[in-house]
Amino acid sequence: MKLSDLEIIVTAPPAPGWGGHYWILVKLTTACGITGWGEVYAASVGPEAMRAVIEDVFARHMQDENPENIELMFRHAYSAGFTQRPDLTVMGAFSGLEIACWDILGKARGRPVWALLGGMMNQRIRCYSYLYPLPHHDISAFWTSPAMAADSARDLVARGYTAVKFDPAGPYTIRGGHMPALSDLSLSARTCAAVREAVGTHADLLFGTHGQFTGAGALRMARAIMDYDPLWFEEPVPPDDLSGLAEVCRASGLPVATGERLTTLPEFRAALDAGVAILQPALGRAGGIWEARKIAVLAQSYGAQIAPHLYAGPVEWAANLHMAATIPNLLMAETIETPFHDALIRGAIGVEEGHVSLSDAPGLGIEVDEALARAHPFDGDHLHLQMQEAPCRYDGDNAFQGGAPRDG
């Protein structure tokens, strides 16, 4: 087998767009006609510029190569241009292409990707979801309403989920870490209280942040929410603040999780060295399936667990799940349930009672609806996610809009 052709589809999920402004899907075809799908997650350049990067990475390091040679292709991409260090954009491009290679290999052998990675370890993969607005909620008001968060949490628990994630902690801005406002500390504590009362002991609370605090600010937030026993405190400081991360791990009294913005083994190793208890690789960015499998092994040696992150489309979700099925140190995996996610892979993977059970269908076990993907082209000028330019306010409430990229 040799990799021959590449197609790139940038598709935009319908409003309100849970999963980001757009998803970058890649389709690889071998010279013998086998196709594989992958997904590139959240690059720091626009989708048209990213298209050029993906095409370049494929042409330089993968075209005419045997898709079995995952490690060789990774080393070529990782070393390109005399680098040999984590490069978020290049490795994002490679990650999506690498996922497509595994899809091809599984289809060529008539076996699921999980079977090629060491076999089935977790037949039922525990899943969690963000608290998203319910149909009767006002989306703009939802993100600062403990009562609506509690409604959403009760809905997830009724559907079988045993963990729920939410982020009432205030804005994440281009200015880097800041001290939380008193209003954000209060809202976070009130939301934790409301969600804990709603779910009781039926679900873990996952306290999400987006790297918006200094180490000292994160410790203030940890004290505000400690009484509600969150299972994790997610990305409390910016990803390059390793000393702050270490301080939060040491002094917060909460398990710290991080990883959605990290790529390749060295960055995850640094997080483990800082004391992180839970790694959250997003496989469309972290280096692909094989690199994520290595990250999971490294985490196991530190006594840490894995909870693959998802704020993207269902192709990355499928990759996350196949890797998750094979590891002994899995904690849970994130999911996003929307009609568009489901339709794009023709309902091939579903959540039942808060868990996913993968089939033995070949490759990633999904069939991408190309017509649907092409029928929703992205025509905006935003990046996948946007950070706020204005600073955190201390003289009033912060109107943080959660993960909603656009109005619904």
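Need the failing condition index for VAL256 against (1) touching a Cys at 6+ places or on another chain (Cβ under 7 Å); (2) without any contact (Cβ under 8 Å) to a residue 12 or more places away in the chain, just the number.
In the conditions (1) touching a Cys at 6+ places or on another chain (Cβ under 7 Å); (2) without any contact (Cβ under 8 Å) to a residue 12 or more places away in the chain, VAL256 misses (2) alone.
A quick yes/no check of all residues on (1) touching a strand residue (DSSP E or B) at 6+ places or on another chain (Cβ under 9 Å); (2) assigned to a loop (DSSP other than H, G, I, E, B); (3) loosely packed, with under 13 Cβ neighbours inside 10 Å; (4) of a type in the set (A, V, I, L, M, F, W, C):
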residue: VAL315; (1), (2), (3), (4): yes, no, no, yes
residue: ASN320; (1), (2), (3), (4): yes, no, no, no
residue: ILE336; (1), (2), (3), (4): yes, yes, no, yes
residue: HIS341; (1), (2), (3), (4): no, no, no, no
residue: ALA348; (1), (2), (3), (4): no, yes, no, yes
residue: LEU358; (1), (2), (3), (4): yes, yes, no, yes
residue: GLY365; (1), (2), (3), (4): yes, yes, no, no
residue: ALA371; (1), (2), (3), (4): no, no, yes, yes
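Collect the residues in segment 232-248 that are surrounded by fewer than 23 Cβ atoms within 10 Å (Cβ to Cβ) and in contact (Cβ under 8 Å) with a residue 24 or more places away in the chain, keeping them in residue-number order.
The first filter runs over segment 232-248 and keeps only residues surrounded by fewer than 23 Cβ atoms within 10 Å (Cβ to Cβ), leaving 238-244, 246-247.
Passing the criteria: PRO238, PRO239, ASP241, LEU242, SER243, GLY244, ALA246, GLU247.
Identify all residues within segment 257-303 that are polar (S, T, N, Q) and not in a helix (DSSP H, G or I); write none if there are none. Explain how you work it out, then say what you get.
First pass over segment 257-303, keeping only residues polar (S, T, N, Q): 258, 263-264, 280, 300-301.
Scanning segment 257-303 gives THR258, THR263, GLN280.
Inside segment 256-276, can you point out the residues that are closer than 11 Å to GLU234 by Cβ and not hydroxyl-bearing (Ser, Thr, Tyr)? Even if it seems obvious, please write down each step before you answer.
Of the residues in segment 256-276, the ones closer than 11 Å to GLU234 by Cβ are 256-260, 276.
VAL256, ALA257, GLY259, GLU260, VAL276 - these are the residues of segment 256-276 that are closer than 11 Å to GLU234 by Cβ and not hydroxyl-bearing (Ser, Thr, Tyr).
Looking at (1) under 19 Å from CYS127 (Cα atoms); (2) of a type outside the set (S, T, N, Q); (3) surrounded by 14 or more Cβ atoms within 10 Å (Cβ to Cβ), find the lone condition where GLU352 falls short.
The number of the failed condition is (3).
ARG175 fails exactly one of the following numbered conditions: (1) at pLDDT below 95; (2) assigned to a strand (DSSP E or B). What is the number of that condition?
ARG175 satisfies every listed condition except (2).
From (1) surrounded by fewer than 22 Cβ atoms within 10 Å (Cβ to Cβ); (2) in a strand (DSSP E or B), pick out the condition that doesn't hold for SER44.
(2)
Are any residues in segment 134-157 at pLDDT below 95 and either in contact with a Phe, Trp or Tyr (Cβ under 8 Å, 6 or more places away or on another chain) or under 21 Å from TYR172 (Cβ atoms) (or both), and if so, which ones?
Of everything in segment 134-157, those that are at pLDDT below 95 and either in contact with a Phe, Trp or Tyr (Cβ under 8 Å, 6 or more places away or on another chain) or under 21 Å from TYR172 (Cβ atoms) (or both) turn out to be ILE139, SER140, ALA141, PHE142, TRP143, THR144.
Each row is one residue, and each column tells you yes or no for (1) of a type outside the set (Gly, Ala, Ser); (2) under 18 Å from GLY380 (Cα atoms).
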residue: LYS2; (1), (2): yes, no
residue: GLY20; (1), (2): no, yes
residue: ILE24; (1), (2): yes, yes
residue: THR29; (1), (2): yes, no
residue: CYS32; (1), (2): yes, no
residue: GLY38; (1), (2): no, no
residue: ARG51; (1), (2): yes, yes
residue: ASP56; (1), (2): yes, no
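The values are calculated or read from the model by the stated rules, or taken from the named source; none is laboratory data. Note that the structure is predicted; figures quoted are calculated from it, not measured. Every residue, glycine among them, receives a Cβ derived from its backbone with ideal geometry; neighbour counts consider all protein chains shown.
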